[in-house]
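Let me begin by presenting the structure, written as C-alpha cells, before commenting on it.
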Amino acid sequence: MDLDLDFVRAQFPAFDVPELAGQAFFENAGGSYTCRPVIDRLTRFYTERKVQPYAPYAASRLGGAEMDEARSRLSAILGVDADELSFGPSTTQNTYVLAQAFGQMLDPGEAIVVTNQDHEANTGPWRRLAERGIEVREWRVDPDTGHLDPEALEDLLDERVRLVCFPHCSNVVGEVNPVTEITALAHAAGAFVCVDGVSYAPHGLVDVGALGPDIYLFSAYKTFGPHQGLMVIRRALGELLPNQGHHFNGDTLHKRFTPAGPDHAQVAACAGIADYIDALHDHHGGTGTDPAARGAVVHDLMRAHETRLLTRLLDAVKDRNSVRLIGPAVAAGRAPTVALALNRPGEAVAADLAPHGIMAGGGDFYAGRALAAMGVTPDHGVLRLSFTHYTSDAEMDQLLGALDAVL
C-alpha cells in the first residue's frame, strides 16, 4: 500500500500554519516538524501535570505514568527492554556522558575506532579519550564517494580495540551503512559497537535488538518529537560501564547515564511519537500486534515514499556539470539527505533558494571531517536538501524548479 500523504500531513499542524503556506521544507535533517500527538501530550503535561512526578497524588502519578509510557512504548518499537532506553537533553550530551564512562573503564593502550564520516557528536567526544592514553584509530571514507568500506575496518581491528563508533548514515553522505555486518565484525574482534542513528531514524525507527549494536543513539526532535536525545544501551554493556548518575540511581539502568535527570514534560511527550507510528500503521491496514513489527511496517511505508521522491531529486542533480553530488547517485541504500558541493558556498545558494519558497540549509553541518576528506572545505560547505515522508510531489516540483532557476 502506498503512503496516504493526506493522512500523514493532517497529523502535522505546521502544514496548516498560514505563515508556512507556500514554503517547502527541505532542511529536515536539522530537525523535523512535530506531529500533533506530541504537541497534544506536551501541552497536556504543561497545563495539567507540571509537578514533580511519581508522588502519590493524581497529577504527579499521571505525569510519572506518561513518562514511563514513553519509555515502554518506544523501547518496544526499538526491540529492546524498557530500561535499556534512556532519555537525555541531546544526542551530543548523551555521547559525552558515554565517552566519560568508557574513559573510566578503558585502560591506557586500549583502542577505539571512530570514522571521519560522522557528525561531530559521534566522533569528537570519543577522540578526546586520546587525552587519557586511549588509542584512537580512524576508519576513513573513500575520498571520492564518501563510502565506508567494512574491509577497511577489518584492518583496524585487533585484541586492543574495545569500541567501534560509526553512523547508521552520515548527515552529508547519506549512504546507509550495513549496521549488522559492521557490528558482527566488531563483536567478533571483542569490541562493543556504538551507532549514531540520528540521520537515519527520521526515516523509520529500526529494530535495534535485531540490528545488534550495543549502543544506538538518535534525536526525538528529528523524529517528529520534542528536543530530547534517545539512547539505547544494551544491558550487558550498561551494567559494565561505570555509573554516571547519582550514586542512588546506580542500580537503575535507564538512570545510569543521565546525570542531569529527565526533562519530565518532554520525556512524556515522546510517547506521542509512538502514537503517531501506531496511527500510521492502523490507518494503512496493519493488523500486527508486536510493536517492533508494527514499527517495521511504518518504516517501510516511509522509505518507499521517500525513495520515490529521492529518485527524482538525484536524477535532476547527478548529471549537472556545476554540481558534485556527495554520496551515492542511486536512491536505494541512501537516506533522503542530499548534499551538493557547488562553485559557490552552500549557505549562499540556500539563501538564493529562500525567495523561491525553499527552506534549505548550507554549511558543514558539523560534518567538517567528512567534507574535508572529500575535498570540500568546511568554510565553503555544501547545500543540503533533506526531506522525510511527509514531503509531497508538489514540494519536490517546487524544489526542482527553484534549483533550475538558481543553479
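The values are calculated or read from the model by the stated rules, or taken from the named source; none is laboratory data. In this text the structure is predicted, and so the values were computed from the model without any measurement. Quick reminder, even Gly has a Cβ in these numbers, built from the backbone with ideal geometry, and neighbours come from all protein chains shown. SASA here: full protein model, heavy atoms, side chains in, ligands and nucleic acids out. Shrake-Rupley method; radii C 1.70, N 1.55, O 1.52, S 1.80 Å.
General remarks:
- For the chain, the Cβ-based charge dipole about the Cα centre amounts to some 800 debye (Lys, Arg positive; Asp, Glu negative; other atoms uncharged).
- If you plug the beta carbon distance of residue 17 and residue 247 into 1/(1 + (r/R0)^6) with R0 = 41 Å, you get a FRET efficiency near 0.30.
- Length available on full extension from residue 308 to residue 235: 0.36 nm per residue minus the Cα-Cα distance, which gives 22.5 nm.
- Listed values [x] 25.1, 91; [y] 25.2, 85; [z] 21.1, 67 include one computed from this model; for Rg and Dmax of the Cα atoms in Å that value carries the label [z].
- Largest first and in whole Å, the equivalent-ellipsoid semi-axes of the stretch 324-407 read 21, 16, 10, each the square root of five times a Cα gyration tensor eigenvalue.
- Taking every DSSP beta bridge that has both ends in the chain, the antiparallel portion is near 50%.
- Separation of alpha-carbon centers, the stretch 269-315 and the stretch 81-103, rounded to whole Å: 26
- Hull shadow area, averaged, the stretch 187-235 [alpha-carbon convex hull, nm²]: 3.7
- Debye, to nearest 20: dipole size of the stretch 41-274, +1 on Lys, Arg Cβ, -1 on Asp, Glu Cβ: 1280
- Solvent-accessible surface of the chain, taken per residue with a 1.4 Å probe and all protein chains present: 39 Å².
- Calculated [θ] (222 nm, deg cm²/dmol) that DSSP helices of n ≥ 4 give over the chain, each run adding -39,500 (n - 2.57): -11500 deg cm²/dmol
- Rolling a 1.4 Å probe over the protein heavy atoms of the stretch 41-274, with every protein chain left in place, gives an accessible area that is 49 percent carbon and sulfur.
- Cleavage-rule hits (GluC sites (Glu not before Pro)) in the stretch 144-198: DSSP loop, at most 12 neighbouring Cβ within 10 angstrom: 159
- Of the chymotrypsin sites (Phe, Trp or Tyr not before Pro) found in the stretch 63-117, no site is in coil according to DSSP while having at most 12 other Cβ atoms within 10 Å of its Cβ.
- Annotation: the antiparallel percentage among DSSP beta bridges lying fully within the stretch 78-232 is about 35.
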